[in-house]
1. A 22 angstrom limit on the alpha carbon distance is what I want to check against. Which of 51/76; 3/97; 30/91; 51/97; 36/119; 91/131 exceed it?
2. Mind checking the angle between helix 2-15 and the chain's longest principal axis? C-alpha axes, 0 to 90 degrees, to the nearest 10.
3. What number, rounded to the nearest 500 deg cm²/dmol, is the helix-based mean residue ellipticity at 222 nm of the chain, given -39500 (n - 2.57) per DSSP H run of at least four residues and division by all its residues?
4. Using the Karplus curve 6.51 cos²θ - 1.76 cosθ + 1.60 with θ = phi - 60°, work out ³J(HN,Hα) for each residue of the range 101-111 in order, rounded to whole Hz, and write x for Gly and Pro.
5. Would you work out if the range 105-163 is rounded, prolate or oblate? Take a ≥ b ≥ c from the square roots of the eigenvalues of the alpha-carbon gyration tensor; rounded if a/c is under 1.5, else prolate when a/b is larger than b/c, oblate otherwise.
6. Can you give the percent of C-alpha pairs in the chain whose distance is more than 28 Å?
7. In terms of Cα to Cα distance under 12 Å, which aspartates and glutamates are near enough to residue 202, apart from those fewer than 8 places away along the same chain?
8. Once phi is turned into ³J(HN,Hα) by the Karplus curve 6.51 cos²θ - 1.76 cosθ + 1.60 with θ = phi - 60°, what whole-Hz value does each residue of the range 130-138 show in order, with x for glycine and proline?
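Any read-out appearing in this document is the output of simple, stated calculations on the displayed coordinates, not a laboratory observation. On a predicted model such as this, the values are computed, not experimentally measured, just so you know.
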Amino acid sequence: NIKNLESLFGACLQSGNNARQISSALDLWKLTNDDKYLMWSVVARAIPQLKPDVPRAASIAGACPIPLPKPDQQEKPNTILQLSYMLFDSKFIQANKVTNHLDLDFMIRVLLQLGQGDKAVDLLRTDLAKKLYGISFQRLSEEAAILLRQNRLAEARANYETLLDEHNADEWSWYLGLFDSIFGKERPAPNVDAATVESVRKHIHTLQAKT
């Protein structure tokens, strides 16, 4: 019966039958009490509501196509995505049942598309996230990209400097993030004083000396 339901879920996934995906995942959860099937149902609910990712992006934040909302142009939050995150939070995060950082990655994507980037940063800074991301620079890199997206530039700069200083002085996506956190994304950068430029030049020289 379990194998049949799993096969049904897979067939519905391939055919795009979202309602049957959810129902078969919930049937599996009720039958086995295995929380991975509950997670299947959460993901099945959320995926149709997510906008397609930007291809070949270096981070979750970079892949998220949703621009930051302007204060006078707030979009109505997606109720299904909100409920999906609330279920994940109550059944997995609060119950300490998250066992894979990929589940966190998916929910960070959900939060970003809900316009809740600050909440995504908070999630990445939890002890749970630090435990699940076995490679610390992966978590720091995702956090830095979201901080940059949220215009929390000083924090983003600190993250990118840590990544370059302590992990890999040859990773150019981190250099680009560092430059954006210091100069902004406009080119040429407006209102940048000579002292800042000199500080960055010396920092880069120090990093390159390591390679």
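1. 3/97; 51/97; 36/119
2. Relative to the chain, helix 2-15 is tipped by roughly 60 degrees.
3. -20000 deg cm²/dmol
4. Calculated HN-Hα couplings, in order: 5, 5, 5, 5, 4, 5, 6, 5, 4, 4, 4 Hz.
5. Verdict is oblate for the range 105-163.
6. Across the chain, Cα pairs with separations above 28 Å total 39 percent.
7. The qualifying aspartates and glutamates are none; the list is empty.
8. For the range 130-138, the Karplus curve yields 4, 6, 6, 7, x, 9, 5, 5, 5 Hz.
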